[in-house]
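To start, the structure under review is shown below, and the notes come after it.
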Amino acid sequence: MTTRTLLLMRHGKSDWKAGAGDDFSRPLAKRGKRNSTRIGQWLAGHGLRPDILIASPAARTLQTATLVCKALDIPTGQIVQDEQLYLADPATLLGVIRRLPSGARSAMLIGHNPGLEDLLASLLGEATPLLPDGKLMPTASLAQLQFAGNWQQQGAGQARLVELVRARSLDEH
């Protein structure tokens, strides 16, 4: 049976003081840029290069995806923007996963909370880790999951958490 890798990433820290006219246009803060790059470097260092990368079209999410792609040496033109990921609920995110191309053995979604965190908890079921701060996916965090079977069959409790990475806990290089 084929094993699939799903990478779920929450965008980096946004800049609330940037003067963006609305939530959708809010850019990354300096810390968000640095931490998004760190996650990309972590992925590169672990040989994790997604076959497809889908991001919410919000400014902070696209900036995060761009920085991850640069660290992975993936052309930014390969970022698939999907409006459904903007502030999506878990059911919508699962729908995006179930429509992933069958030829993709690994995929990365870059989106927003609370939907991403709720999706992760649903996919892990009872295996959801309890973290001391109560946050599963703070900004610039990444969940590496594995599934058996195809994307269309994925659902609640069917994923195995390989690693949960928080940029702020990575050593600076």
Qualifying residue in the range 112-129 (condition: farther than 14 Å from residue 12 by Cα, in contact with a helix residue (DSSP H, G or I) (Cβ under 6 Å, 6 or more places away or on another chain) and of a type in the set (A, V, I, L, M)): yes
Members of the range 83-98 found to be charged (D, E, K, R) and within 18 Å of residue 4 (Cβ to Cβ), listed by number: 98
Any hit, the range 15-33, residues being touching an Asp or Glu at 6+ places or on another chain (Cβ under 6 Å), outside any strand (DSSP E or B) and in contact (Cβ under 8 Å) with a residue 24 or more places away in the chain: yes
Number of the exception - residue 167 against (1) at pLDDT 90 or above; (2) surrounded by fewer than 20 Cβ atoms within 10 Å (Cβ to Cβ): (2)
Enumerated helices (runs of 4 or more DSSP H) restricted to the range 34-144, each holding at least 3 residues that are under 20 Å from residue 161 (Cβ atoms): 90-98, 115-124
Filter result for residue 65 (closer than 30 Å to residue 149 by Cβ and touching a His at 6+ places or on another chain (Cβ under 9 Å)): yes
Answer residue from the range 130-145, given it is farther than 11 Å from residue 8 by Cα and touching a residue at least 40 places away in the same chain (Cβ under 8 Å) and is surrounded by the fewest Cβ atoms within 10 Å (Cβ to Cβ) among those: 138
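The values are calculated or read from the model by the stated rules, or taken from the named source; none is laboratory data. Model, not experiment: these values are computed from the prediction. All Cβ positions, glycine included, derive from the backbone under ideal geometry; neighbour counts span all protein chains shown.
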